[in-house]
Every structure is written in C-alpha cells, then in structure tokens.
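Each remark here refers to the structure printed beneath this line.
Values quoted throughout were computed directly from the atomic coordinates according to the rules given, and no laboratory measurement underlies them. Please read these numbers as outputs of a predicted model, since none were measured by experiment. Note that each Cβ is placed from the backbone with ideal geometry, even for glycine, and that neighbours are counted across all protein chains shown.
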Amino acid sequence: MANHLDSGRRRARRLLRSRISRLLLASGSFVFAAGSFPCIAVAQPALVLVIRHAEKADNSNDPVLSAAGTARADAIANALADANVDHVIVSQRQRTWLTAAPLMTARGLQPEVIKFGADMAAHVAEIAAAVRRQTGKVVLVVGHSNTVPAIVHALGGPKLPDLCDLRYAALFAVVPGAEGTSARVVVSSVGVADPPGAEGCAGMVPR
C-alpha cells in the first residue's frame, strides 16, 4: 500500500511539474536549468504559485490546521520540492503560514506576512505589489477562499469567483505579464482531490 501511495505521489508531482514547465516554455521568457524550474533576472517574478490555506481544524477566528490540512501542507511541500520557491507570502492567519511551513522548513525560508483588514481589495493590491518586487524569483502565496482568485486576477489572470468552502486542492501557477497585461495561468491539483461538486457554489465569505 505504501509503495502504491508513493507511486501516486510521484505521478502527481511529475504531472504538476510538466504543466508548469509547459506554461513557462509557452511564455518564451525563461531558460530551463536541468532538474529545476527556471529563475532568471527579469522585471517580474519568474513564477507565482497561489494556493488557498489547507483544511482548518474548526471555524474559529484563527484555527490551526486539521489532520487533513496538515497532510495537505506536507503534500504541497512534496509537490513543490523541485519548484525552487524563493519567497513565501502569507496573511496574519496562522492557517496560511502553517500550510507553507513544511515547504519553508525544507527551503530555509521565512514568510512575508501581509495582514488584511476590512478593505480586502487593498490587501490583494498589497500582495500583488509585494509579489512583483520579487524579481526573477519563484513566489508562493498562501491565501484564503476569496483572496486567491483576486490575487490571480491582480497578477493579470482571469477574473474568477471565490473558492467554495470545500475547495482546497487547486494550485494556480501564474507567469505574470507586465503590469496591466495578461498573465499565463495553469490550474493544477495538489494533495487529496476535492470532493465532487466542490467547484459549484455561490460566492462566500473568506474562510
């Protein structure tokens, strides 16, 4: 059973890497180094990986991760082990930095914390500006159900609805264009798949 699970994880990791690699090749702006994702000095981050925090233990204001969330955080670290993440951005909610913690530990990184208040649009704009300052780097942003789609859009991606409450697996890989221009976006799945119907819900408050 363990060997079967390991094999499945390796296939999922190869698929994710392949999708992101095709995205970067299509951009025509990057040079690949053997065995790693590209990272060269340009006026934009090389790649932005945007994901919602993993499953939380309860519905309190600032919960830790549940057992499923902890497993997903480990899966994210495993899936992005070869992505050469250089910088991590989280909110002040501990579920965001706990989601990134296994990867940050592996990479020796500390997160940049960008707090949100009542003005969520300002929070998203601040994250987008912080991302764009990471010239030539691979950046991981861990957000919330309503901020993840907004961040992708702020980086030049399509306008998307808020994520449903049960949707945790989606990973948005974004190659930003110049500010005000379209980005290239690939959506993949990391960790245990979301349940059927997780994408079909009305807009919701951030969780």
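Note on A178 and A106: with the Förster distance fixed at 45 Å, the Cβ-Cβ geometry gives a FRET efficiency of about 0.90. The base-10 log of I(q)/I(0) for the stretch 78-153, evaluated at q = 0.12, 0.16 Å⁻¹, reads -0.31, -0.55 [Debye formula, identical scatterers on Cα atoms, solvent excluded]. Charge dipole of the stretch 51-145 (Cα centre as origin; +1 on each Lys and Arg Cβ, -1 on each Asp and Glu Cβ, all else neutral): 120 debye, rounded to the nearest 20. Normalised by the number of residues in the stretch 83-207, the average gap of Cα pairs under 8 Å and 6 or more apart makes the relative contact order 22 percent. Mean sequence separation of contacting Cα pairs (under 8 Å, at least six apart), scaled by the length of the stretch 144-191, corresponds to a relative contact order of 34 percent.
Put a dot 7 Å past the Cα of V187, heading toward its Cβ, do the same for A130, and the two dots end up 2.5 nm apart. Applying 0.36 nm per residue to the separation of Q92 and E199 and subtracting their alpha-carbon distance, the gain on full extension is 35.9 nm.
Put a dot 7 Å past the Cα of N59, heading toward its Cβ, do the same for D165, and the two dots end up 0.5 nm apart. Using a Debye calculation, one point per C-alpha and no hydration shell, please list log10 I(q)/I(0) for the stretch 125-207 at q = 0.14, 0.20, 0.26 Å⁻¹ in order. Result of the Debye calculation: -0.48, -0.94, -1.39.
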